[in-house]
Amino acid sequence: MDLIHAGLGASSEDRADRFYVGVLGLEKSLPKTLERELGLALFGIDADLTMLNYKGQGVHFEIFVLPGPVTSRPEVAHTCLQVADLAALVGRCRQAGARVIEVPKGDKTLTFVADFDGNLFEMKGA
């Protein structure tokens with residue numbers, strides 16, 4: 001089984017760009033529109049949605065710019081990414097103002113970061 005993409009919500013294209021391009025270093029393709037009819041049928045959102053795609057080595061995020069504030073979601077929902085240099089990524093997150101959560105677990109530290117709309121990512125070093 002392969003993960004094709006992870007679909008997440010964002011409150012603006014700028015906020016998404018700041019995290020997915022600015023912090024994670026992914027490449028962004030041209031925005032597309034998910035027509036209102038599909039947004040309503042798939043997600044219960046009665047509006048056209050801007051769909052942004054960010055891709056990098058083996059990872060693809062499909063980000064939907066949502067009308068109004070992004071609703072809160074359960075804190076257990078997250079995507080786990082393995083990165084080459086965890087310390088450098090954590091530094092970029094802190095510098096950009098993204099939330100970093102580091103929790104000791106035995107002789108390890110669990111590292112989670114949140115994008116600017118609260119989507120959580122567990123980060124593991126290579």
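The values are calculated or read from the model by the stated rules, or taken from the named source; none is laboratory data. Computed from a predicted model, the values in this text were never measured in an experiment. Cβ sites come from the backbone with ideal geometry, for glycine too, and all protein chains shown count toward neighbours.
Would the range 99-114 turn up any residue that is of a type in the set (S, T, N, Q), modelled with pLDDT under 95 and surrounded by fewer than 10 Cβ atoms within 10 Å (Cβ to Cβ)?
Of the range 99-114, the ones of a type in the set (S, T, N, Q) are 109, 111.
Okay, now just the ones that are also modelled with pLDDT under 95, so 109, 111.
Restricting the remaining residues to those that are surrounded by fewer than 10 Cβ atoms within 10 Å (Cβ to Cβ) gives none.
The answer is no; no qualifying residue exists.
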Name the single residue that is nearest to H78 (Cα to Cα) among those in the range 22-54 being surrounded by 15 or more Cβ atoms within 10 Å (Cβ to Cβ) and β-branched (V, I, T). V23
For the range 49-81, give me the residue count where each residue is modelled with pLDDT of 90 or more and among the charged types (D, E, K, R). 2
Give me the residue from the range 99-126 that is touching a Lys or Arg at 6+ places or on another chain (Cβ under 8 Å) and of a type in the set (D, E) and, out of that set, farthest from A84 (Cα to Cα). D117
Okay, helices (runs of 4 or more DSSP H) sitting entirely in the range 12-113 with 3 or more residues that are free of Cβ contacts under 8 Å to residues at least 24 places away in the same chain, I get 36-43, 86-96
Checking L120, L86 in turn, the sole residue that is more than 24 Å from S11 (Cβ to Cβ), surrounded by 13 or more Cβ atoms within 10 Å (Cβ to Cβ) and among the hydrophobic types (A, V, I, L, M, F, W, C) turns out to be L86
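Is it the case, given these coordinates, that G7 is within 12 Å of the chain's Cα centre (by Cα), modelled with pLDDT under 95 and not in a loop (DSSP other than H, G, I, E, B)? Break it down into steps so the answer makes sense when it comes.
Working: within 12 Å of the chain's Cα centre (by Cα): yes; modelled with pLDDT under 95: yes; not in a loop (DSSP other than H, G, I, E, B): yes.
In short, yes.
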